[in-house]
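**Student:** Would you mind keeping the following structure in view while I ask a few things?
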Amino acid sequence: MKFDLKNYYFNNSSFLETLTAKTRTSLSQATSEKKFKAGKVIYREGKTPRGVYFIKKGKVKIFQSNQDGRKQIMYIYTPGDIFGYRPIISESVHPVTAATLEDCIFGFISAQNFKKIMSSNPELTKALLVSLSHEFTVWVNNVSVFARYPVKSRVALALLILREKYREKGRYVDINLSRTDLASYVGSVKETVVRTLQDFRNANLILTTGRKIKILKPDVLTGIANFY
């Protein structure tokens, strides 16, 4: 199977383009603005959903905690992404905790209003289900890789995914993520991830400045991440 990075990340903002003007207007009229400082919990695993979030600015991590308190980051959302809608559709509790990685601004629609809009605009429900199907495939691919393959391959893949997620207006920018969060995303311990990054830096594949990471040779990292 040919390695394709697009199988490992998504941006679900495109579903809005499939909606009618009427539905987009309904969503806009029901949207309020919320601001969160970096490091704040937006909602917690096991809690009833209060609404849907559209990221206007900033980045959000979603994660689960195991019995010993270790966190596994499942995904990182960036501007344009919508999140928090899955438990509303399935009428269940949040399966993950969401927290801000940096100062964030969100468009927010309450669960009650979101349900009303879905009930009167079936194309919204259809678009969300299509988006959810793609997200599920991406998560399955990520879980499969991060659970089975060597740390070196996992770190390379994580950097390539984050490179796309941190891209702004078509331009690649530095990845700004703590080593603790990167290790949580990769599914390894911080010390191992730091050593791997040092190896990549010594090979001139990346450049690091504090917690920032600039990818210098994405093609080489792709080769390292290519486990097929």
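**Student:** Of all residues being open to solvent by 10 Å² or more (accessible area, probe 1.4 Å), touching a residue at least 24 places away in the same chain (Cβ under 8 Å) and not in a loop (DSSP other than H, G, I, E, B) in region 100-115, which is farthest from T18 (Cα to Cα)? Just the residue, please.
**Tutor:** Out of the qualifying residues, it is I105.
**Student:** Looking only at region 184-206, count every residue that is open to solvent by 40 Å² or more (accessible area, probe 1.4 Å) and free of Cβ contacts under 8 Å to residues at least 40 places away in the same chain and tell me the total.
**Tutor:** Within region 184-206, residues that are open to solvent by 40 Å² or more (accessible area, probe 1.4 Å) and free of Cβ contacts under 8 Å to residues at least 40 places away in the same chain number 10.
**Student:** Also, quick follow-up: Within region 152-183, can you find the residues that are hydrophobic (A, V, I, L, M, F, W, C) and either without any contact (Cβ under 8 Å) to a residue 12 or more places away in the chain or surrounded by fewer than 18 Cβ atoms within 10 Å (Cβ to Cβ) (or both)?
**Tutor:** If the condition is that a residue be hydrophobic (A, V, I, L, M, F, W, C) and either without any contact (Cβ under 8 Å) to a residue 12 or more places away in the chain or surrounded by fewer than 18 Cβ atoms within 10 Å (Cβ to Cβ) (or both), then V173, A183 are the ones that fit.
**Student:** So which residues in region 207-228 are surrounded by fewer than 18 Cβ atoms within 10 Å (Cβ to Cβ), at pLDDT 95 or above and in contact with a helix residue (DSSP H, G or I) (Cβ under 6 Å, 6 or more places away or on another chain), if there are any at all?
**Tutor:** Listed by number, the list holds a single entry, T208.
**Student:** Follow-up question, since we're still on this one. Working only within region 116-139, note down all residues that are open to solvent by 50 Å² or more (accessible area, probe 1.4 Å), hydroxyl-bearing (S, T, Y) and under 22 Å from the mean Cα position of the chain (by Cα).
**Tutor:** Passing the criteria: S133, T137.
**Student:** Counting residues that are over 27 Å from T180 (Cα atoms) and open to solvent by less than 60 Å² (accessible area, probe 1.4 Å), which strands (runs of 3 or more DSSP E) fully inside region 1-81 reach at least 1?
**Tutor:** Answer list for region 1-81: 32-36, 51-57.
The values are calculated or read from the model by the stated rules, or taken from the named source; none is laboratory data. In this text the structure is predicted, and so the values were computed from the model without any measurement. Because the Cβ atoms are built from the backbone with ideal geometry, glycine has one as well, and the counts that use them run over all protein chains shown. Accessible surface is based on the protein model in full, side chains and every heavy atom, while ligands, DNA and RNA are left aside. Shrake-Rupley method; radii C 1.70, N 1.55, O 1.52, S 1.80 Å.
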